[in-house]
Amino acid sequence: MTKILVVEDNPMNMELVVDLLESYGYDSTKAENGEVALEMVKEKAFDLVLLDMQLPKMDGTDVLRIIKDDQQTKDIPVIALTAHSMRGDEEKFLNAGCAGYMSKPIDIHKFKEIIDGYLKQ
Amino acid sequence: MNEKSLPKILIIDDEPYNVSLMEAYLSLDYDTTGVLSGEDALEMIKTDDFDLVILDIMMPGLSGYEVCKILKNDVKTKFIPVIMATALFEKGDQIRSIEAGADDFLSKPVDQIELKTRVRSLIKVKRLSDNLISERDQAQRYLDIAGVIMVVIDPDQKVSLINRRGCEVLGRSEEEVVGKNWFEVSLPISEQQQTKDVFDNLMSGNGSEYEYNENQIVIKNGDLRVISWQNRIINDDHGNITGVLSSGEDVTEERCAKKELEHSNELKDLFIDILRHDMLNTAGVVKGFTEVLLKRVTDDPQLEMLRTIKRNNIKMIGLIQNAARFAKLESIDHLQLQSINLCPILNEVVDSFSKELDKKQMNIEMIGGDSCQAMVDPVIEEVFFNFISNAIKYGPEKSTIRIEGVDSDDKWVISVCDQGEGISGADKSLIFERFIRVNKTNIKGTGLGLAIVKRIMDLHEGEFGVKDNPEGKGSVFWVSVKKA
């Protein structure tokens, strides 16, 4: 089963994403902040990480950098979840090592398509 | 003393003959008045301004000494020169005369030349002293007229002068301030010592010659006022520091207004932040769950309700995004314009609406060349986005939207023409004004789209407007921008 880690501090956003992922038959794991996320990627082999870029304490960009600097985790594709207010920052995230980005609010019609696209890569 | 009229002399002697004689000697050059007693003299002086008094010492009733003392002790008359006249001038008389305040002596019988010489020189002195007093009064008047506080502080920190405005602000009379320690009179106790130290440092010649500062003063009723000061050290002819002249302006209201403005700006920023982050995210979550439900629910009436929720939710997201965008545009006051071809932008915007256009089976007709190079900011895209979005929203199904770029001298006029219901004459000028709706509740809202258009065009210093479709139903929304 495809394993996806969702890093998101807003519980409602989290629920929506997890609900969607499970309805498509993925195995999803929740991490409500960066520290938890970094522990989890070490414990389990994830096929994909959905990473909210605006996190409390440790920011999304920091989490991304640590994942990409670590030999053990650097090959996991990371998709940045970006807020409306971050329009224009997407390029920065791609340069920092994101496989792609998805802007919030999430368009559920394209959600599966996008996820599957990154999983194939 | 009026320069043109004759100087006025009051002659007092209990001997009528003496009065007549002196009047005879002086009346050619002076306006003389004679009285026969000290009491009469004091009455006269109350009602008339004299420039000189000639006073006999030995008189029944009030003596010359007594009259002189009274005159010299009265602020109103103390500057009138007094000549004491007596038949017997002994050393004791002279001392008593000086003690009484007399300015000169004259022995009787009066010698005409001596009289005229003494009178002339004392009148000259009086004239100079009058000029001095009037100059001083004039200077004081200027200080009093001044709308700023003027205060002179001597090296001992005492106030040697304060003008009317200064007294007004402090709520104190001149007497309550002059001669008192300025810092103790005007500053909150907690700040007195520090300010005194700065002042002493200034007095000892350290620190710059000009000093600007702003501080709070305590006025009589205990209130605090913020004063903006400009201070200047006063030096005497030898370069010694003799004090500080400070002019101060009461800026309490300005400072308060500034604080309030800052507060309301902070509040505005906070609301924008809430809009862009918290509200938008929450509305997005509603959207997500609604869409999930729309995929799962099969019951028709429930589906219909979910569609209504979705429609309103999308509208709400649009409003929040527009409000945030509008607020952001309001906070910008300058755009860095660059040469951009408008045609690809228009094409992209049209493409982004392909789904909506298909849904209403509407056509887009693009007229004009494929190069409209203009001086714009990329934000201009939102103008076209709003125009085309409105045209789709208000145009009927299967109608055509015409987008046109027209070459007009040094400008490009870009217009979007729909076949909707059109906009009535009166509303044409109001439709771009978001703020009018804030005050007038009866104007139907059209969202923020056109207010955003207006703001963007104002920032471009470009023109914009709406007119009726000349070829039938509908409106033409247009903007003009400078060619590159």
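The values are calculated or read from the model by the stated rules, or taken from the named source; none is laboratory data. It should be emphasised that the depicted structure is a prediction, and the values quoted were computed from it without experimental measurement. All Cβ positions, glycine included, derive from the backbone under ideal geometry; neighbour counts span all protein chains shown. Note: accessible area is taken over every heavy atom of the protein model, side chains too, but ligands, DNA and RNA are not part of it. Shrake-Rupley method; radii C 1.70, N 1.55, O 1.52, S 1.80 Å.
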Can you tell me which condition B:Asp144 does not meet? The list is (1) of a type in the set (D, E, K, R); (2) in contact (Cβ under 8 Å) with a residue 24 or more places away in the chain; (3) open to solvent by less than 60 Å² (accessible area, probe 1.4 Å), and all the others hold. (2)
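Please work out which residue is nearest to the other protein chains (Cβ to nearest Cβ), limiting yourself to region B:312-336 and to residues that are open to solvent by 70 Å² or more (accessible area, probe 1.4 Å) and outside any helix (DSSP H, G or I). Reasoning before the result, please.
As a first pass, look at region B:312-336 and keep what is open to solvent by 70 Å² or more (accessible area, probe 1.4 Å): B:312, B:314-316, B:319, B:328, B:330-331, B:333-334, B:336.
Pick out the ones that are also outside any helix (DSSP H, G or I) and you get B:333-334, B:336.
On the way: B:Asp333: 20, B:His334: 19, B:Gln336: 16 Å.
Per the stated criteria, the residue is B:Gln336.
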Taking strands (runs of 3 or more DSSP E) that do not extend beyond region A:8-121, which have at least 2 residues that are out of contact with any Gly (no Cβ under 9 Å at 6 or more places or on another chain) and closer than 23 Å to B:Ile320 by Cα? A:100-103
Scanning region A:54-80 for residues that are at pLDDT 90 or above and hydrophobic (A, V, I, L, M, F, W, C), which turns out surrounded by the fewest Cβ atoms within 10 Å (Cβ to Cβ)? A:Ile66
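Return yes when A:Phe46 is open to solvent by less than 20 Å² (accessible area, probe 1.4 Å) and away from chain B (no Cβ under 14 Å) and no when it is not. Full working, then the answer.
Details: open to solvent by less than 20 Å² (accessible area, probe 1.4 Å): yes; away from chain B (no Cβ under 14 Å): yes.
It is true that A:Phe46 is open to solvent by less than 20 Å² (accessible area, probe 1.4 Å) and away from chain B (no Cβ under 14 Å).
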Just one of B:Val169, B:Val198 is open to solvent by less than 70 Å² (accessible area, probe 1.4 Å) and in the same structural domain as B:Gln216 (by TED's automatic domain parsing); which is it? B:Val169
Looking at (1) closer than 18 Å to A:Pro77 by Cβ; (2) surrounded by fewer than 18 Cβ atoms within 10 Å (Cβ to Cβ); (3) at pLDDT 90 or above, which is the one condition that is false for A:Asn33? (1)
Which of (1) of a type outside the set (A, V, I, L, M); (2) more than 14 Å from chain B (Cβ to nearest Cβ); (3) within 24 Å of A:Asn95 (Cα to Cα) does A:Gln54 not meet, given it meets every other one? (2)
Across region B:280-307, what is the total count of residues that are over 19 Å from A:Asp107 (Cβ atoms) and either open to solvent by 50 Å² or more (accessible area, probe 1.4 Å) or within 11 Å of chain A (Cβ to nearest Cβ) (or both)? 7
Kindly indicate which of A:Val63, A:Val17, A:Val36 is within 14 Å of chain B (Cβ to nearest Cβ) and of a type outside the set (Lys, Arg). A:Val17
Only one of (1) free of Cβ contacts under 8 Å to residues at least 60 places away in the same chain; (2) out of contact with any Phe, Trp or Tyr (no Cβ under 8 Å at 6 or more places or on another chain); (3) open to solvent by 60 Å² or more (accessible area, probe 1.4 Å); (4) closer than 20 Å to B:Asp236 by Cα does not apply to B:Lys158, and that is (2)
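Pick from B:Ser371, B:Ser339: which is assigned to a loop (DSSP other than H, G, I, E, B), on the phi < 0 side of the Ramachandran plot, surrounded by fewer than 18 Cβ atoms within 10 Å (Cβ to Cβ) and touching a residue at least 24 places away in the same chain (Cβ under 8 Å)? Please lay out each step first, then the result.
Working: B:Ser339 fails: assigned to a loop (DSSP other than H, G, I, E, B).
Being assigned to a loop (DSSP other than H, G, I, E, B), on the phi < 0 side of the Ramachandran plot, surrounded by fewer than 18 Cβ atoms within 10 Å (Cβ to Cβ) and touching a residue at least 24 places away in the same chain (Cβ under 8 Å) holds for just one of B:Ser371, B:Ser339, which is B:Ser371.
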